[in-house]
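First comes the structure, then the notes that go with it.
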């Protein structure tokens with residue numbers, strides 16, 4: 001499956017590169033910024049009182065790379081990866097599958113994403129959805145639902 005993804009990217013971008021050379025280039029775009037560290041810390045604190053889940057449009061190569069190098073996935077009770085689900089955000093079906101798997105109603109969910117079209121799709125399903133901008137906005141968005149972050 002990762003090789004198929006590579007072949008599609010190679011063809012689309014007209015690359016002349018081997019799979020072995022492509023993988024590190026493709027994956028080395030990730031790093032732990034101060035914003036990433038804060039969000040990780042925040043989610044880690046919230047998990048004491050709330051079920052924490054992630055829904056990502058990440059591809060299989062990035063997922064395997066990140067899972068092996070960063071602790072980010074460890075704090076989530078559930079991780080939903082679009083490439084494993086066969087759907088991609090903003091398709092409403094992906095949000096519905098996650099809600100069903102978690103056994104929650106849309107009104108019980110806090111969802112944040114950095115892409116407006118993904119937030120709009122979730123909002124259309126009555127999910128409490130917010131555009132992620134920065135740390136202060138995230139705290140205020142959580143507070144608007146009565147979620148207090150220390």
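Would you tally the residues in region 119-150 being assigned to a helix (DSSP H, G or I) and in contact with a helix residue (DSSP H, G or I) (Cβ under 9 Å, 6 or more places away or on another chain)?
Total meeting the criteria: 7.
For region 81-93, does any single residue satisfy the condition of being closer than 16 Å to residue 36 by Cα, without any contact (Cβ under 8 Å) to a residue 40 or more places away in the chain and assigned by TED's automatic domain parsing to the domain that holds residue 45?
No - not one qualifying residue is present in region 81-93.
Given the condition crowded, with 17+ Cβ neighbours inside 10 Å and in a helix (DSSP H, G or I), answer yes or no: does some residue in region 106-113 qualify?
yes
Of 115, 37, 69, which residue is under 30 Å from residue 5 (Cα atoms) and under 14 Å from the mean Cα position of the chain (by Cα)?
Details: 37 fails: under 14 Å from the mean Cα position of the chain (by Cα); 69 fails: under 14 Å from the mean Cα position of the chain (by Cα).
Being under 30 Å from residue 5 (Cα atoms) and under 14 Å from the mean Cα position of the chain (by Cα) holds for just one of 115, 37, 69, which is 115.
Hey, can you tell me all the residues within region 59-80 that are buried (at least 18 other Cβ atoms within 10 Å of the Cβ), at pLDDT below 95 and touching a strand residue (DSSP E or B) at 6+ places or on another chain (Cβ under 6 Å)?
63, 79
The values are calculated or read from the model by the stated rules, or taken from the named source; none is laboratory data. None of these values were measured; they are calculated from a predicted model. FYI the Cβ positions are ideal-geometry reconstructions off the backbone, even for glycines, and counts take in every protein chain you see.
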